[in-house]
Amino acid sequence: MQRLPPLRLLVTFEAVRRLGSMRLAAAELNVTRPAVSQAIKSLEAWVGVPLFDRTTKPSVATEAGERLARVTRASLGQIGEVVDEIRLSAGADDRQITVSCTIGMATYWLMPRLSAFYGRFPDAMVSVQAPPSDMPAFSAGIDVALRYGPAPWDDGETVKVFEERAFPAGQPRRMAALGSDLAVLRTVPLIEVRTPHGNHWAGWRDYFAAKRIDPPTGPRQTFDNYVQATQAALDGHGIMLGWRSINDALLSEGRLASLADGVHDFGTTYWATSARRRSSNPFVRGFLEWVGEAGAAFERTVHDQAPARTPAPDAPRPGPSRGRTS
């Protein structure tokens, strides 16, 4: 088998070719970008030819790279199928639940509550995956997807988790200094989130339109996920458009604050959907029941103000249409 390069090099190469980005491949593989770059160079040294044309931006696969990508993708897919069959026959797959959700939802809402699920199902094993997109989908191996949108999905059994709300959030002293006039937000430093693969979440322009306020004119910082944006808000670099799923615990701890009458309901909700192929699994069904109950309990204790929903017939509605996946 010395004719074959190490498997990790092929896995890294396939991720870079499929996602079209070393940064996104690093996020998916949970490694650093330099590690991905070094793996590609090592694979190119192994095969003896360049696999990517780096004279273009972004770089594209060479003819040799395309040939290797096709056979690598097919081979890894076959390996994954066999492993799934072996795990299923051994019974280990019955206890494994793989959940896909955004990194913000995973970090601030789901992970702090998982111990309660383990208390109910001590034999379960939950893996949480955060895709580079802001809209989790049922890719290979995903059992449950936690997704945000205006209506429940129809690609599997779906339960409501909780209704989402948006609100300006920042350091308490900074927020207190703003007073109660939402229009003052136009000129203060704002923190924006824009993901590289789709923007299903409302942003500041959507919020200003919904509140019937002129577009912002002040300085802005942009991040590609809500973990970074939340840290910037905690550090006092500006005001973010916060969300219940991400910022409620920080509001309750007094580390962030929102504005009176600043909460807005975009008509969106978090939903949990189980993959049809796994809907009969008792642990998956148990997770779906538990996360619905946890969401209902969360709604009873949220720390944002009661929303004063502003009619905004022309404002864009974030999230997918009913039943859409991405």
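Only the coordinates and a few stated rules stand behind these numbers; no lab work does. Predicted model, so just to flag it, every value in this text is computed and none were measured. Cβ coordinates were reconstructed from backbone atoms using ideal geometry, including for glycine residues, and neighbour counts include every protein chain displayed.
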Q) Going toward the positive end of the dipole of the chain, with +1 on Lys and Arg Cβ and -1 on Asp and Glu Cβ, which of F208, A35, G80 do you reach last? A) A35
Q.
Compute, for the chain, the length of the dipole vector about the Cα centre, with Cβ point charges of +1 (Lys, Arg) and -1 (Asp, Glu) only. Units Debye, rounded to 20.
A. 580 debye
Q: Go ahead and estimate [θ] at 222 nm for the chain from helices alone: -39,500 (n - 2.57) per DSSP H run with n ≥ 4, summed, over the residue count, rounded to 500.
A: -11500 deg cm²/dmol
Q: Evaluate the distance, in nm, between pseudo-label points positioned 7 Å from the Cα of E289 and of S37 along their respective Cα→Cβ axes.
A: 5.1 nm
Q. For region 92-131, what does the alpha-carbon gyration tensor say about shape, rounded, prolate or oblate, given a ≥ b ≥ c as the root eigenvalues, a/c under 1.5 as rounded, and a/b over b/c as prolate?
A. oblate
Q) To the nearest 10 degrees, how steep is helix 282-299 against the longest Cα principal axis of the chain, on a 0 to 90 scale? A) 20 degrees
**Q.** GNM flexibility winner over the chain from P172, P136, P34 (Cα, springs under 10 Å)
**A.** P34
Q. In debye to the nearest 20, how big a dipole does region 7-90 give about its Cα centre with +1 on each Lys and Arg Cβ and -1 on each Asp and Glu Cβ?
A. 320 debye
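Please state the shape class of region 125-245: rounded when a/c is under 1.5, otherwise prolate if a/b exceeds b/c and oblate if not, all from the C-alpha gyration tensor.
Cα axes put region 125-245 in the prolate bin.
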Q: Note down the net charge around G65, summing +1 for each Lys or Arg and -1 for each Asp or Glu among other residues with Cβ under 14 Å from its Cβ.
A: +2
Q: Could you work out which residue, out of L24, L76, L251, moves most in a Gaussian network model of the chain, that is, has the largest mean-square fluctuation with Cα springs under 10 Å?
A: L76
Q: Pull out the extension gain between E192 and R120, defined as 0.36 nm times the separation in residues minus the alpha carbon to alpha carbon distance; nm, one decimal.
A: 22.1 nm
Q) Given the options T102, T268, T55, which has the most mean-square fluctuation in a GNM of the chain, springs set between C-alpha atoms less than 10 angstrom apart? A) T55
Q) What ranking of R54, R194 emerges when the number of other C-beta atoms within 10 Å of each C-beta is taken as an exposure proxy, fewest first? A) R54, R194
Q: List R67, R278 from most exposed to least, where exposure is judged by having the fewest other Cβ atoms within 10 Å.
A: R67, R278
Q: Note the full-extension length gain between S180 and A296 as 0.36 nm times their separation in residues minus their Cα-Cα distance, in nm to one decimal.
A: 38.8 nm
**Q.** 0 to 90° range, to nearest 10: angle between helix 63-90 axis and the chain longest Cα axis
**A.** 80 degrees
Q) Does the chain classify as rounded, prolate or oblate by the C-alpha gyration tensor (a ≥ b ≥ c root eigenvalues; a/c under 1.5 gives rounded; else a/b over b/c gives prolate, otherwise oblate)? A) oblate
Q) Once both labels are modelled 7 Å past Cα along the beta-carbon direction, what's the A45-R95 spacing in nm? A) 4.2 nm
**Q.** Computed E for N30/R212 - FRET, C-beta separation, R0 30 angstrom, nearest 0.05
**A.** 0.10
Q | Per-pair calculated FRET efficiency, R0 = 51 Å: S252 and S75 via Cβ, rounded to 0.05 | A | 0.55
Q.
Compute the angle between helix 7-19 and the longest alpha-carbon principal axis of the chain, please, reported from 0 to 90 degrees and rounded to the nearest 10.
A. 50 degrees
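Can you tell me how much longer the chain between A64 and I86 gets when fully stretched, taken as 0.36 nm per residue apart minus their C-alpha distance, in nm with one decimal?
Numbers: separation 22, 0.36 × 22 = 7.92 nm, distance 3.30 nm.
Full extension from A64 to I86 adds 4.6 nm.
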